[in-house]
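The values are calculated or read from the model by the stated rules, or taken from the named source; none is laboratory data. Values in this document were obtained by computation on a predicted structure and should not be read as measured data. Note that we place each Cβ from the backbone using ideal geometry, even for glycine, and neighbour counts take in every protein chain shown. When the accessible area is computed, the model is the full protein with side chains, heavy atoms only, and any ligands, DNA or RNA have been set aside. Shrake-Rupley method; radii C 1.70, N 1.55, O 1.52, S 1.80 Å.
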Amino acid sequence: ATVVAAASPPVGPAKPVPGAVDGKAAIELTQKYACTACHGNDKKIVGPGFREIASKYAGRPDGVGYLAGKIKAGGSGVWGTVAMPPNKKVSDKDLKKIISWILAQK
């Protein structure tokens with residue numbers, strides 16, 4: 001018996017998903033607020049990489065709120081002894097975009 005593969009329908013451009021994270025905008029915000037001075041996407045620079053953060057907190061129900069508090073207040077001890085300085089300049093709206101994008105990196 002001969003197996004014939006069905007033709008696949010043409011694939012068009014991806015449609016935006018309501019509530020989806022705009023990766024380009026989030027990356028620009030991580031640069032604007034100097035997150036990328038210490039955090040790489042796939043690797044640790046001074047602090048953990050964004051994917052490592054996502055792996056640790058993506059399943060946490062309060063992940064966005066928890067990370068927002070850590071970013072605003074700064075701190076140390078979770079990822080090592082090097083302290084992360086507080087970032088009080090980032091707006092709550094931008095912070096939510098950044099954290100949502102980070103958690104989507106998993």
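General observations
- The residue pairs whose first member lies in the stretch 81-106 and is at positive phi and of a type in the set (V, I, T), whose second member is open to solvent by 30 Å² or more (accessible area, probe 1.4 Å) and at pLDDT 95 or above, and whose beta carbons are closer than 9 Å, counting only pairs six or more residues apart or on different chains, do not exist in this structure.
- Identification of helices (runs of 4 or more DSSP H) wholly contained in the stretch 45-106 with 1 or more residues that are more than 17 Å from the chain's Cα centre (by Cα) and loosely packed, with under 14 Cβ neighbours inside 10 Å yields 63-73.
- When residues of the stretch 29-44 are limited to those that are among the charged types (D, E, K, R) and surrounded by 13 or more Cβ atoms within 10 Å (Cβ to Cβ), the one nearest to S91 (Cα to Cα): K32
- Filter result (hydrophobic (A, V, I, L, M, F, W, C) and at pLDDT 90 or above) within the stretch 10-40: A25, A26, I27, L29, A34, C35, A37, C38
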